[in-house]
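Enquirer: Please see the structure below; I have some questions.
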Amino acid sequence: MDAIQAEYGYLPEGALRLVSEATGRPLVDVYGVATFYRSFSLKPRGRHLVCVCVGTACHVRGAPVVVEEFERQLGVNAGDTTPSREFTLDTVNCVGACALGPIVVADGRYFANTNSVKVRRILETTRAGADQVERPSAVEAAK
(Lines give C-alpha, C1' and ligand atoms only; values in the text may rest on other atoms or scores of the structure.)
Protein backbone atom coordinates (compact mmCIF):
# COMPACT_ATOMS: atom_id res chain seq x y z
CA MET A 1 0.00 0.00 0.00
CA ASP A 2 3.00 2.27 0.53
CA ALA A 3 3.90 1.94 -3.15
CA ILE A 4 0.33 2.71 -4.21
CA GLN A 5 0.23 5.77 -1.94
CA ALA A 6 3.58 6.95 -3.35
CA GLU A 7 2.43 6.56 -6.95
CA TYR A 8 -1.05 8.08 -6.70
CA GLY A 9 -0.75 10.30 -3.63
CA TYR A 10 -3.66 8.40 -2.06
CA LEU A 11 -5.24 4.94 -2.03
CA PRO A 12 -7.90 4.69 -4.75
CA GLU A 13 -10.74 2.25 -4.08
CA GLY A 14 -9.79 0.13 -7.08
CA ALA A 15 -6.27 -0.27 -5.76
CA LEU A 16 -7.58 -1.38 -2.36
CA ARG A 17 -9.71 -4.00 -4.10
CA LEU A 18 -6.64 -5.26 -5.99
CA VAL A 19 -4.66 -5.48 -2.73
CA SER A 20 -7.52 -7.46 -1.23
CA GLU A 21 -7.57 -9.88 -4.15
CA ALA A 22 -3.77 -10.21 -4.32
CA THR A 23 -3.37 -10.88 -0.61
CA GLY A 24 -6.51 -12.94 -0.09
CA ARG A 25 -7.51 -10.60 2.76
CA PRO A 26 -11.08 -9.33 3.01
CA LEU A 27 -11.55 -5.81 1.69
CA VAL A 28 -12.67 -4.72 5.16
CA ASP A 29 -9.24 -5.69 6.56
CA VAL A 30 -7.39 -3.77 3.84
CA TYR A 31 -9.66 -0.78 4.42
CA GLY A 32 -9.00 -1.06 8.17
CA VAL A 33 -5.25 -0.76 7.61
CA ALA A 34 -5.72 2.12 5.16
CA THR A 35 -7.81 4.09 7.65
CA PHE A 36 -5.78 3.21 10.76
CA TYR A 37 -2.48 4.76 9.65
CA ARG A 38 -2.39 8.53 9.19
CA SER A 39 0.21 8.23 6.44
CA PHE A 40 -2.45 6.73 4.17
CA SER A 41 -5.19 8.79 2.59
CA LEU A 42 -8.36 7.73 0.82
CA LYS A 43 -8.65 11.18 -0.80
CA PRO A 44 -6.22 12.70 -3.31
CA ARG A 45 -3.64 14.89 -1.60
CA GLY A 46 -1.83 17.94 -2.85
CA ARG A 47 1.78 17.98 -4.03
CA HIS A 48 2.71 19.47 -0.65
CA LEU A 49 1.50 18.17 2.70
CA VAL A 50 1.39 20.64 5.60
CA CYS A 51 0.62 19.23 9.05
CA VAL A 52 0.09 21.41 12.09
CA CYS A 53 0.53 19.76 15.47
CA VAL A 54 -2.47 20.45 17.71
CA GLY A 55 -1.39 18.27 20.62
CA THR A 56 -1.67 19.69 24.12
CA ALA A 57 1.71 21.44 24.25
CA CYS A 58 1.28 22.99 20.80
CA HIS A 59 -2.36 23.84 21.48
CA VAL A 60 -1.57 25.90 24.57
CA ARG A 61 1.20 27.69 22.66
CA GLY A 62 -1.14 28.86 19.91
CA ALA A 63 -1.57 26.04 17.39
CA PRO A 64 -5.27 26.85 16.79
CA VAL A 65 -4.31 30.33 15.58
CA VAL A 66 -1.65 28.80 13.32
CA VAL A 67 -4.21 26.39 11.84
CA GLU A 68 -6.63 29.28 11.22
CA GLU A 69 -3.92 31.25 9.41
CA PHE A 70 -3.04 28.30 7.17
CA GLU A 71 -6.75 27.85 6.43
CA ARG A 72 -7.08 31.54 5.59
CA GLN A 73 -4.02 31.66 3.33
CA LEU A 74 -4.76 28.38 1.56
CA GLY A 75 -8.52 28.88 1.37
CA VAL A 76 -9.29 25.38 2.69
CA ASN A 77 -10.16 23.84 6.03
CA ALA A 78 -7.83 21.47 7.85
CA GLY A 79 -8.23 18.03 6.30
CA ASP A 80 -8.79 19.43 2.81
CA THR A 81 -6.75 19.97 -0.34
CA THR A 82 -6.58 23.18 -2.35
CA PRO A 83 -8.52 23.06 -5.64
CA SER A 84 -5.20 23.26 -7.52
CA ARG A 85 -4.02 20.16 -5.57
CA GLU A 86 -0.90 22.09 -4.62
CA PHE A 87 -1.39 21.85 -0.82
CA THR A 88 -3.12 19.53 1.61
CA LEU A 89 -3.57 20.96 5.10
CA ASP A 90 -3.89 18.53 7.97
CA THR A 91 -3.60 18.47 11.74
CA VAL A 92 -1.91 15.85 13.88
CA ASN A 93 -2.13 15.20 17.60
CA CYS A 94 1.61 15.08 18.31
CA VAL A 95 4.87 15.05 16.39
CA GLY A 96 7.04 14.47 19.45
CA ALA A 97 8.70 17.88 19.61
CA CYS A 98 6.57 19.40 22.35
CA ALA A 99 9.23 21.77 23.67
CA LEU A 100 9.43 23.48 20.27
CA GLY A 101 5.71 23.95 19.64
CA PRO A 102 3.71 24.92 17.87
CA ILE A 103 5.29 22.66 15.27
CA VAL A 104 4.45 22.58 11.58
CA VAL A 105 5.71 19.76 9.37
CA ALA A 106 5.67 20.66 5.69
CA ASP A 107 6.84 17.96 3.28
CA GLY A 108 8.82 16.38 6.10
CA ARG A 109 10.53 19.62 7.17
CA TYR A 110 9.94 20.78 10.74
CA PHE A 111 9.22 24.42 11.56
CA ALA A 112 9.46 25.19 15.28
CA ASN A 113 7.87 27.91 17.40
CA THR A 114 5.44 28.69 14.61
CA ASN A 115 3.07 31.62 14.81
CA SER A 116 0.68 33.18 12.32
CA VAL A 117 3.39 35.53 11.01
CA LYS A 118 5.57 32.56 9.95
CA VAL A 119 2.82 30.85 7.94
CA ARG A 120 3.44 32.74 4.69
CA ARG A 121 7.18 31.97 4.83
CA ILE A 122 6.50 28.29 5.49
CA LEU A 123 4.20 28.12 2.47
CA GLU A 124 6.75 29.95 0.27
CA THR A 125 9.59 27.68 1.42
CA THR A 126 7.46 24.59 0.84
CA ARG A 127 6.27 25.79 -2.55
CA ALA A 128 9.87 26.46 -3.60
CA GLY A 129 10.92 23.00 -2.42
CA ALA A 130 13.79 24.41 -0.39
CA ASP A 131 15.82 21.75 1.35
CA GLN A 132 16.41 23.75 4.46
CA VAL A 133 15.06 22.85 7.86
CA GLU A 134 14.34 25.60 10.33
CA ARG A 135 16.36 24.80 13.43
CA PRO A 136 15.85 27.05 16.42
CA SER A 137 18.86 28.33 18.24
CA ALA A 138 19.51 27.01 21.75
CA VAL A 139 18.03 30.22 23.16
CA GLU A 140 14.82 29.84 21.11
CA ALA A 141 14.54 26.16 22.03
CA ALA A 142 14.79 27.00 25.72
CA LYS A 143 11.85 29.41 25.58
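Enquirer: Given P83, L49, P64, which one lies farthest toward the positive end of the charge dipole of the chain, if we put +1 on the Cβ of every Lys and Arg and -1 on the Cβ of every Asp and Glu?
Expert: Final value for the positive-end residue is P64.
Enquirer: Quick check: the distance between the Cα centres of the range 50-125 and the range 5-32, to the nearest angstrom?
Expert: If you average the Cα positions of each part, the centres end up 29 Å apart.
Enquirer: For L42, what accessible area in Å² do you get when you roll a 1.4 Å probe over the heavy atoms of the protein chains, rounding to the nearest 10?
Expert: 70 Å²
Enquirer: Give the calculated FRET efficiency between V60 and R17 to the nearest 0.05, with a Förster radius of 41 Å applied to their Cβ-Cβ distance. Before the final figure, lay out the partial values.
Expert: Working: r = 44 Å, r/R0 = 1.06.
Efficiency, from the Cβ-Cβ distance: 0.40.
Enquirer: Suppose all protein chains stay in the model; what accessible area per residue would a 1.4 Å probe give for the range 36-119, in Å²?
Expert: For the range 36-119, the per-residue accessible area is 49 Å².
Enquirer: Using alpha-carbon pairs under 8 Å, 6+ residues apart, how would you state the relative contact order of the chain in percent? If you can, show how the numbers build up before the last one.
Expert: Working: 213 pairs, mean separation 29.7, N = 143.
It rounds to 21 percent for the chain.
Enquirer: With the full set of protein chains in place, find how many percent of the accessible area of the chain is carbon and sulfur; take the probe as 1.4 Å. Could you put the intermediate results ahead of the total?
Expert: Details: 4490 of 8290 Å².
Carbon-and-sulfur percentage of accessible area, whole number: 54.
The values are calculated or read from the model by the stated rules, or taken from the named source; none is laboratory data. Since the model is a prediction, treat every value here as computed from it, not as a measurement. Using ideal geometry, Cβ is built from the backbone for each residue, glycine included, and neighbour counts are taken over all protein chains shown. Protein only, heavy atoms only, side chains kept; ligands, DNA and RNA dropped before computing areas. Shrake-Rupley method; radii C 1.70, N 1.55, O 1.52, S 1.80 Å.
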